[in-house]
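S.K.: Can you keep this structure in mind? I'll have questions shortly.
The values are calculated or read from the model by the stated rules, or taken from the named source; none is laboratory data. On a predicted model such as this, the values are computed, not experimentally measured, just so you know. Here Cβ is always computed from backbone atoms with ideal geometry, including for glycine, and neighbour counts include all displayed protein chains. Side chains included, ligands, DNA and RNA excluded: accessible areas come from the protein's heavy atoms. Shrake-Rupley method; radii C 1.70, N 1.55, O 1.52, S 1.80 Å.
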Amino acid sequence: MPPTLTLHPLHRADGSATHTTPLFTILAAANGPLEVSRRDELPEEAAIEVNVRPCSGVGGPRERWMEGVITSLLKSLVLVNMYPRTLVQVTLQVTKEPGMGGLKRAVKDVALLAGLGNAAFAALVDAGVALGGTMVVGLGVAREGEVVVEPGEKELLGCGSVHAVAWGMRGEMLMAESAGRFGVEEWEGVAGRLRGDAMGAIKNDEEDGDDVMDGEVGQKEPWLRQALGESVRDAGAWRETG
Amino acid sequence: MATTSVLLPGEQIPPSDLPPTKKGTLTLGPNLRHLPPSTILTTTSGSLHTDPKKAALWIDAPHGRYQPSVGDLVVAQIHHGSTDTYHCALTPHTAYALLGQLAFEGANKKTRPKLESGDLVYARVKTASKWEDVEIECFNSSTGKADGLGPLKGGMVFNISPAFARRLMMGTDKEGRSKGGVVVLEEVGEKVKFEVAVGRNGRVWVDSGNVAATLVVGRLLMGCDEKGWSVEEQRREIETCLRPMF
């Protein structure tokens, strides 16, 4: 089942998105460009601030680490040179997490990173912040030699290793985080599979609809393109009726 | 105006979609960037619009913060004044725009409007650049005339989305139909007398001398923005809102 993405649930923020997978639901809000505090100001580019709020309680060192990973991921995507001496702020609130009986925190954190990355990206698109490209963060687990993408709670519990990999639209890797025991072949298997899925999520059906897909790509509908396109079409509906 | 499918951030505009040009130059509007020599990329998701007459193309993004650009009409709120400028807020949490204390019609050192913090002005963006502060002015600097700009007294301000503000300012076509698909101002204006100033920064100022009528106009505009009423729905809502007033 592909993730569900709802754009603009919060109307006071510049941009917002809700991202739901079988594991997590994340509400993201993006604001920017804003006035930046003197301490964080960069003379040539925009500063990016990411806040991760856990489902319950206040954040700790794990959330700070996730903020760091997402910040560097977004930095490679946002055209920071277009907004010098400003701030782009992204707030990510986890609103649903699985009941984590017997699940390692490291595994859970990597699984959460995939959702956080996708939600932050969708919120930035909704906020109209200038972006250099489109990306999809995929989540996969390696389990006794086989690869499971978009794992549920059950798959996550018995897995050998878990991998969150961000792929850009031109096939470049933007982020790779893993947890557990795995070898190079396993990692390559998961990353390659996630790359195919990421390309499938943003592929343009109208351009190559009749082409025969090469097995792994093209089985699923392009969920990211559909979700973003729907939001644009809703906003432009007045053109047709007016 | 031709509309094509939705583009994602970072996608290239196909050369077949570019408008034809005589001079060999294109005008790029919002949300597009040019990579030399001849690649045009989107920077956000939206639908591509082209104007063949002006050889212009732009991407309409549905949401997002207002970015000042030269010539925009805005409703600005004075935050504080200094010796020769007022510092005005266009959007929340961004750096203040500068408004010269003498940038009003017929203003000199003795006859200049005395504005307090919290006062509103209808102004035009004079300079906007990513490297320096935005400057706004309340008169046409080439003719010295106000052209409808200046301090806004009384009335109320309502927040709308920048995209809806753009629709409100599109005006009407030759047959008198609203190009932006919003008929609230025209239809209410036939029944109730009011003044309105629409700012591209997502603020609209309404004054009709009576609080009830001002609120009706403002709430109709905000409802139309948030709920995306069609022209028929707008007429129905106007009817239900105005009935108790007469």
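S.K.: Could you work out which residue, out of B:Pro151, B:Pro30, B:Pro162, moves most in a Gaussian network model of chain B, that is, has the largest mean-square fluctuation with Cα springs under 10 Å?
M.R.: Evaluated over chain B, the most mobile residue of the options is B:Pro30.
S.K.: Roughly what would the spin-label model give for B:Arg177 and B:Glu232, points 7 Å off Cα along C-beta, in nm?
M.R.: With each label placed 7 Å out from Cα toward Cβ, I get 1.5 nm.
S.K.: Just to be sure I understand: of the beta bridges DSSP finds with both ends in the protein assembly as shown, what percent are antiparallel, rounded to 5?
M.R.: Working: 82 of 93 bridges.
So the antiparallel bridges in the protein assembly as shown amount to around 90 percent.
S.K.: Please give the length that would be gained between B:Met169 and B:Glu132 if that part of the chain were fully extended, namely 0.36 nm times their separation in residues minus their C-alpha to C-alpha distance (nm, one decimal). Mind showing how you got there, number by number?
M.R.: Values: separation 37, 0.36 × 37 = 13.32 nm, distance 2.72 nm.
Extending this stretch completely gives an extra 10.6 nm.
S.K.: Please give the length that would be gained between A:Asn81 and A:Glu240 if that part of the chain were fully extended, namely 0.36 nm times their separation in residues minus their C-alpha to C-alpha distance (nm, one decimal).
M.R.: Values: separation 159, 0.36 × 159 = 57.24 nm, distance 3.62 nm.
Here the segment from A:Asn81 to A:Glu240 would lengthen by 53.6 nm.
S.K.: Next question. Evaluate E = 1/(1 + (r/R0)^6) for B:Lys53 and B:Ala146, where r is the Cβ-Cβ distance and R0 equals 30 Å; express this FRET efficiency to the nearest 0.05. Before the final figure, lay out each step's value.
M.R.: Numbers: r = 31 Å, r/R0 = 1.03.
Given R0 = 30 Å and the Cβ-Cβ separation, E is 0.45.
S.K.: Above 15 angstrom, tally the Cα pairs of the range A:143-201 and express them as a % of all pairs, no decimals. Mind dumping the intermediate values first?
M.R.: On the way: 798 of 1711 pairs.
Of all Cα-Cα pairs in the range A:143-201, 47 percent lie more than 15 Å apart.
S.K.: Could you give the dipole magnitude of chain A about its Cα centre, charging the beta-carbon of Lys and Arg +1 and that of Asp and Glu -1, in debye to the nearest 20?
M.R.: Working: 23 positive and 35 negative charges, 218 e Å.
So the dipole magnitude of chain A works out to roughly 1040 debye.
S.K.: Here's something else I'd like to know. Provide the FRET efficiency to the nearest 0.05 for the B:Val211-B:Glu239 pair, computing r from the beta carbons and using R0 = 25 Å. Mind dumping the intermediate values first?
M.R.: Working: r = 21 Å, r/R0 = 0.84.
So the FRET efficiency works out to roughly 0.75.
S.K.: When the solvent-accessible surface of protein heavy atoms is calculated with a 1.4 angstrom probe, in what order do A:His163, B:His63, B:His93 fall, highest first?
M.R.: Details: A:His163 0, B:His63 60, B:His93 135 Å².
Accessible-area ranking of A:His163, B:His63, B:His93, largest first: B:His93, B:His63, A:His163.
S.K.: Keeping all protein chains in place and using 1.4 angstrom, which order do B:Ser5, B:Ser142, A:Ser72, A:Ser161 fall into by accessible surface area, from largest down? Before the final figure, lay out each step's value.
M.R.: Working: B:Ser5 50, B:Ser142 100, A:Ser72 75, A:Ser161 0 Å².
My answer, sorted largest first, is B:Ser142, A:Ser72, B:Ser5, A:Ser161.
S.K.: Let me ask you something else. Where the centre of each part is set by its Cα atoms, how far does the range B:73-100 sit from the range A:19-42, in angstrom?
M.R.: Comparing the Cα centres of the range B:73-100 and the range A:19-42, I get a distance of 26 Å.
S.K.: Sort A:Trp223, A:Trp65 by heavy-atom solvent-accessible area, probe 1.4 angstrom, most to least. If you can, show how the numbers build up before the last one.
M.R.: Details: A:Trp223 30, A:Trp65 105 Å².
Listed by decreasing accessible area, they come as A:Trp65, A:Trp223.
S.K.: Ok, one more. Using Cα-Cα distances under 8 Å and only pairs 6 or more residues apart, what relative contact order does chain A have, in percent? Don't jump to the answer; show the numbers that get you there.
M.R.: Details: 479 pairs, mean separation 46.4, N = 242.
Reported as a whole number, the value is 19 percent.
S.K.: For peptide B:58-68, what's the mean number of Cβ atoms from other chains within 10 Å of each residue's Cβ? Don't jump to the answer; show the numbers that get you there.
M.R.: Details: counts 0, 2, 4, 9, 13, 14, 10, 11, 2, 5, 0.
So the per-residue partner count for this stretch is 6.
S.K.: Only residues of the range A:117-149 count here: report those whose backbone N is under 11 Å from the spot 7 Å along Cα→Cβ of A:Arg62, or say none.
M.R.: none
S.K.: While we're on this one: Given Cβ point charges of +1 (Lys, Arg) and -1 (Asp, Glu) and nothing else, what value in debye, to the nearest 20, does the dipole of the protein assembly as shown about its Cα centre take? Working shown, then result.
M.R.: On the way: 52 positive and 62 negative charges, 350 e Å.
Taking the Cα centre of the protein assembly as shown as origin, the dipole is about 1680 debye.
S.K.: Mind checking which of B:Thr172, B:Thr21, B:Thr50 has the largest fluctuation in a GNM of chain B, springs on alpha carbons under 10 Å?
M.R.: B:Thr21
S.K.: I've got another one for you. Give me the one-decimal nm value for the distance between modelled label points at A:Arg39 and B:Arg219, 7 Å along each residue's Cα-to-Cβ direction.
M.R.: Reported label-point gap for A:Arg39 and B:Arg219 is 4.4 nm.
S.K.: Between the alpha-carbon centers of the range B:1-40 and the range B:169-192, tell me the distance in whole angstrom.
M.R.: 31
S.K.: Modelled label-to-label distance, A:Glu146 and A:Cys55, 7 Å Cα→beta-carbon offset: nm?
M.R.: 2.7
S.K.: In peptide A:226-232, how many Cβ atoms from other protein chains are near each Cβ within 10 Å, on average?
M.R.: 5
S.K.: Could you tell me the relative contact order of chain B? Use alpha-carbon pairs under 8 Å, at least six residues apart, and round to a whole percent.
M.R.: The value is 14 percent.
S.K.: Among all lysine pairs in chain A that are eight or more places apart or on different chains, how many have alpha carbons less than 26 angstrom apart?
M.R.: 11
S.K.: For the protein assembly as shown, what is the convex hull volume of its Cα atoms per residue in Å³?
M.R.: Numbers: hull volume 93.8 nm³, N = 488.
In the protein assembly as shown, the Cα convex hull volume per residue is 192 Å³.
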